[in-house]
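Q: For reference, the structure I am asking about is given below.
The values are calculated or read from the model by the stated rules, or taken from the named source; none is laboratory data. What you see is a predicted model, and the numbers here were worked out from it, not measured in a lab. As a convention, Cβ positions derive from the backbone with ideal geometry for all residues, glycine included, and neighbour counts pool all protein chains shown. We work out accessible area using only protein heavy atoms, side chains counted, and drop any ligands, DNA or RNA first. Shrake-Rupley method; radii C 1.70, N 1.55, O 1.52, S 1.80 Å.
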Amino acid sequence: MLDLGLGLITVVIVLLLLQYLKVKRTAKQLPPGPTPLPIIGNLWTLEFNLHYETLMQLTKTYGNIYTLWVGPTPVVVANGYEAVRDALVISSSATQGRAVTPIVKIYGRERGIIGANGHVWQQQRRFGAVTLRKLGLGKNTLECRIQEEVLHLLEGLESQKGQPVDPAKLIGWSVSNTIAALILGHRFARDNQSFLKLIEATDFATHFMGSKWGQVYEAAPSIMRFLPGPHHMYPVHRKYLSAFMKQEVKYHKENPTNEPQDLIDFYLEQMSKPKEDPSSTFDDKNLNQVLMDFFVAASETTILSLCWALLHMVSNPDIQEKIQKELQSVIGATKVIEYEDRKKLPYTNATVHEVLRYNPVVPMALPHWCVKDAVIQGHPVRKGTILLANIASVGYDPAHWETPKKFNPNHFLDTDGNFVMKEAFFPFSAGPRVCLGERLAKTVVFTFFANLLRGFTFRLASGEKDVNLHSMFGTTLKPMPCQICALPNQNAKIH
């Protein structure tokens, strides 16, 4: 029995040694980085969390391009404006692939837009871009949908009569309804439990992918299947998202319209066209995934951006007051503020952009996959390598921002107070995989934010001393739960 035990220990040691030697040999072909441990790689030293701040700290030792190991898999990390731009834009022909990691595979099934590659990704993304324009992106049809939800949100806040509220709940419902109207063609009542469950499933899915449990699952999925934990809920929530969208598609098929009104209508119209292209990827499975991609990506990130914006107003009452004075003098008290009005509201527009810079709600771009060899910042990166772009590090790059660690709307204003866009502004990523809904997100965030600030003044709840600006890190950068008061501005009456 003793000999058997020693034999097993010897086999384990030999296997670990062989893996270590394999890792060392592979590492010679990659940018430098911290030495990985067998099986878990660098996850132990990173506390099982690829947090953007930790990754920024590593640049002091290894430079802006380095290699980390997630379990047995090497990941090249790009930090700072120059390195991220090189990786995602200049080298985009080589780095535009999507790394199909275990979690990405569960979510995307290599269909739709977010988790797809090659012809499927190209065709579905092109359809998405064209359809957003058809649905009125930047036109009155989209603006009307946004304004309808803005009014519902203002009414909801007014009914609270200045009592403490969780901004995420009210904002979450209104923003999610905006996206639902765009892709599904209708909004949902506040007591609709199915829609509430959809929002909760979206919240769980987006947070889990970048959480500690998510990183451990990425490193060792075959082992984690047998261990308890929240990773077992991830496919459950994904299944609910899929079932919800299938039900919406079924309704659309049973109740066709003469003219397409939403994303489902346009997709079904595309599916009904003669199959002149034998390689067409337009089918029910891709439709289901595209709907999930749009809802998950657009709703959660926009909700979080607005929550961060309100927290910064509570934390910076002087900035809040300056915005309100600009809104009052330029727009007045009764007109619903539109996205086009941003051109006349430079300080408000600058503040929205500063929120997106300071709190990028997707701080780490979803992992890319090199479809061919590339050279990034002088480092050779081979085909098949996973690439991770630290988006947050671009917004904190001291070479491009005067006060990178301070919330400062002046980052987006010139000396005359005019709005200016900065080249180192990548909150929606960059290159071919840039967020498809960037314009939609900006439109929704600005319109909601401006109307909220014109209608209400936001303050801490009684008894609270400081604003908690810490975050819960996952795939998205989520504020800590909080209660704030929305005090109606007497001179703002919108109907």
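Q: Output the pairs from LYS169/LYS325; LYS134/LYS161; LYS105/LYS250 with a Cα-Cα distance over 32 Å in this structure; if there are none, say none.
A: Exceeds cut-off: LYS134/LYS161.
Q: Identify the trypsin sites (Lys or Arg not before Pro) of segment 438-479 meeting these criteria: DSSP loop state and at most 12 other C-beta atoms within 10 Å of the C-beta.
A: Passing sites in segment 438-479 are LYS465.
Q: Taking every alpha carbon pair in segment 208-318, what does the distance histogram look like in 5 angstrom bins from 0, in percent?
A: So the P(r) values, bin by bin, are 2, 9, 14, 13, 14, 13, 12, 10, 8, 4, 1, 0, 0.
Q: Straight-line reach from LYS422: which lysines have Cα under 19 Å away, leaving out those fewer than 8 places along the same chain?
A: Within the straight-line limit of under 19 Å, LYS422 reaches these lysines: LYS343, LYS344, LYS405, LYS406, LYS442.
Q: Sticking with this structure for a sec: Would you mind working out the magnitude of the charge dipole of the chain relative to its Cα centre, with +1 at each Lys and Arg C-beta and -1 at each Asp and Glu C-beta, to the nearest 20 Debye?
A: Values: 52 positive and 44 negative charges, 185 e Å.
That gives the chain a dipole magnitude of about 880 debye.
Q: Need one number for segment 380-464: average projected area of the convex hull over its C-alpha atoms, nm².
A: Averaged projected area of segment 380-464's Cα convex hull equals 9.7 nm².
Q: Still on this structure, please answer the following. If packing is taken as the average number of other Cβ atoms within 10 Å across a peptide's residues, how do 224-233, 95-104, 329-338 rank, most packed first? Don't jump to the answer; show the numbers that get you there.
A: Values: 224-233: 12.4, 95-104: 21.2, 329-338: 15.5.
The most tightly packed comes first, giving 95-104, 329-338, 224-233.
Q: Sort VAL375, VAL290 by accessible area with a 1.4 Å probe, largest first. Don't skip to the end; give the middle numbers.
A: Numbers: VAL375 95, VAL290 0 Å².
Output order, biggest surface exposure first: VAL375, VAL290.
Q: Excluding ligands, DNA and RNA, what is the solvent-accessible area per residue of segment 314-427 at a probe of 1.4 Å, expressed in Å²?
A: Values: 5000 Å² over 114 residues.
Per-residue value: 44 Å².
Q: Turning to a different aspect of this structure: Taking the alpha-carbon distance from LYS253 and a cut-off under 12 Å, which aspartates and glutamates remain once sequence neighbours fewer than 8 residues away in the same chain are dropped?
A: ASP265, GLU269, ASP284
Q: Under the rule of -39500 (n - 2.57) per DSSP H run of 4 or more residues, summed and divided by the residues of the chain, what mean residue ellipticity at 222 nm is obtained, to the nearest 500 deg cm²/dmol?
A: Taking each H run of at least 4 residues, the total per residue is -16500 deg cm²/dmol.
Q: Compute the acute angle (0 to 90°) between the alpha-carbon long axis of helix 140-159 and the principal axis of greatest extent of the alpha-carbon atoms of the chain; round to the nearest 10°.
A: 80 degrees
Q: For a quick check of understanding: with a 1.4 angstrom probe and all protein chains in place, what accessible area in square angstrom does ILE323 have, to the nearest ten?
A: 0 Å²
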